[in-house]
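Readers should treat all values here as calculations from the given coordinates under stated rules, not as data from a laboratory. The model shown is predicted, which means the values in this text are computed figures rather than measured ones. Every residue, glycine as well, gets a Cβ built from its backbone with ideal geometry; the counts of neighbours run over all protein chains shown.
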Amino acid sequence: MRTGTIWAALLAVVAGLLCGCGTADNRITPTADLPAVKALPRALASQGLVLYWTGQWPLEKNESVARINVQPGRLYAVTNRNRLIAMDSRTGQFLWDADLGSPGLSVTPVCHVGGNLAVVAVLDQLFGFDVTTGRRVLKVALERAPSTKLVCRGEFIYFGTNDGWLEAVNVANGSKNWSRWTEAAILAAPAVDEHGVYLANSAGNLTSNSFKKRFINWTYPQGGRIGSVVADLSVSSGEMGLILVPSRDYSLYAMNSLGGQPAWICTTGEPLSKAAHSFADQIYFVSETNVLFCVKESGPGPGDKPLWTANGIDNFVAASPTAVYVLSKFQPAGGTVTALNPQTGKVKFHVPTGGLNLIVPNDLDGQLFAADNAGHILCLREATGLYDLKPAIQETPAALPPPVKKSAKPAADAEPKK
């Protein structure tokens, strides 16, 4: 019987061969054929992990992957030429690509609006693409260029700007709906839930804002400020749905969305300049001195008292019921990701990624995506984990369609390149 890893590897080999149909200079070894990747299934088996699929970003000559971000069911890569490439995160198959133009200009991570529209901004140009076909359905000029990633809710996107504006744009027609000046640069992306849009700026002004009009629901503290905020805000994944605000005043503020009062404040003794992440009822955040803090959202020993800390941690990668995956300063040669025990913070094992060192942060589930600038990419999973709202399967379905060949032609119904 064909295993999921073998089937995924075969798909990747075919995809790699098809993607390498250009000049000899553009031909690269398929991901599944890299010696370090071939050795992964055996190395991962003892850790309860599987090599779920391998894939290939379809790059052109002298093109490289600059950045990757994950959205539900999708991986999006932006290349050094500002070409946007969409991949199915469940199979590693290439779906479509789009030319964003303006190589060298900054591009925001892709954000999904309503599950069917992928939006991205290049400076003050906002693009929207059909998630399935890649057809461009929106291109408008924004009044101001984003200084944060885009945050989506309903038919709106929200973002901050360097000159202190919170912007709300209706993507149904590309028109700006409202904006509000906050007196200081906004470097941290807003967070949204069903109650409002939460924003903090570099001066420490923290507010909850209405979705569709220029109205402030609450300010914390009333008549005052917290410390400077430069890291993205987020919403905890537990039952309380707290608004997580990392501040350079050494504290993580866990705000109740209604009422504007903190459920708790965790003071660390060091500035916080990276976003907080969460899985189930546990919250993870890294201080500027590379200490990872784990706190409980609620219950005995709530967030103001860390459950545990771990030293030498650079970044959060992903989390599951059995492990929190991080980038560590102490990882051994050949191991790119470190797995910690979510209850104690102790090192469980190091995860080899076949030498692919572009690790994609994933707040959706415990899958690990590792890539490199040359176009190789793979997906690692816990064999017994839960992904895509379904139990992990032992075999990749044999009914998967063949990988799509990258060519000069865009996906069906996609807008032709100019």
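Maximal additional length on extending the K38-N311 stretch stands at 95.1 nm, based on 0.36 nm per residue less the C-alpha distance.
Restricting the range 50-151 to trypsin sites (Lys or Arg not before Pro) that sit in a DSSP loop and have at most 13 other Cβ atoms within 10 Å of their own Cβ leaves K61. Pairs exceeding 19 Å between alpha-carbon atoms, taken from K296/K346; K139/K176; K38/K329; K213/K274: K38/K329; K213/K274. The simple Förster model, with R0 at 35 Å and r as the Cβ-Cβ distance, assigns T322 and N116 a FRET efficiency of 0.60.
Under 15 Å of direct C-alpha separation, and excluding same-chain neighbours fewer than eight residues apart, K348 reaches these aspartates and glutamates: E382. May I ask you to list the aspartates and glutamates whose Cα is less than 18 Å away from that of K149, ignoring any residue fewer than eight positions away on the same chain? Answer for K149, where 18 Å is the Cα cut-off: D124, D163, E167, D193, D232, D363, listed by chain and number.
Each of F349 and L123 was given a label point 7 Å from its Cα along the Cα-to-Cβ line. The distance between the two points is 4.9 nm. Residue separation of T219 and A383 scaled by 0.36 nm, minus their Cα-Cα distance, works out to 54.5 nm of gained length.
With a Förster radius of 30 Å, plug the Cβ-Cβ distance of R67 and T132 into 1/(1 + (r/R0)^6) and report the FRET value to the nearest 0.05. That gives a FRET efficiency of 0.85. Spacing of the modelled spin labels on D304 and K329, each 7 Å from Cα toward Cβ, amounts to 3.0 nm. The modelled label-to-label distance between S179 and E155, using points 7 Å beyond Cα along the C-beta direction, is 2.1 nm.
Roughly how big is the range 225-307's charge dipole about its Cα centre, with Cβ charges of +1 (Lys, Arg) and -1 (Asp, Glu), in debye to the nearest 20? Mind dumping the intermediate values first?
Working: 5 positive and 8 negative charges, 23 e Å.
Computed about the Cα centre, the dipole is about 100 debye.
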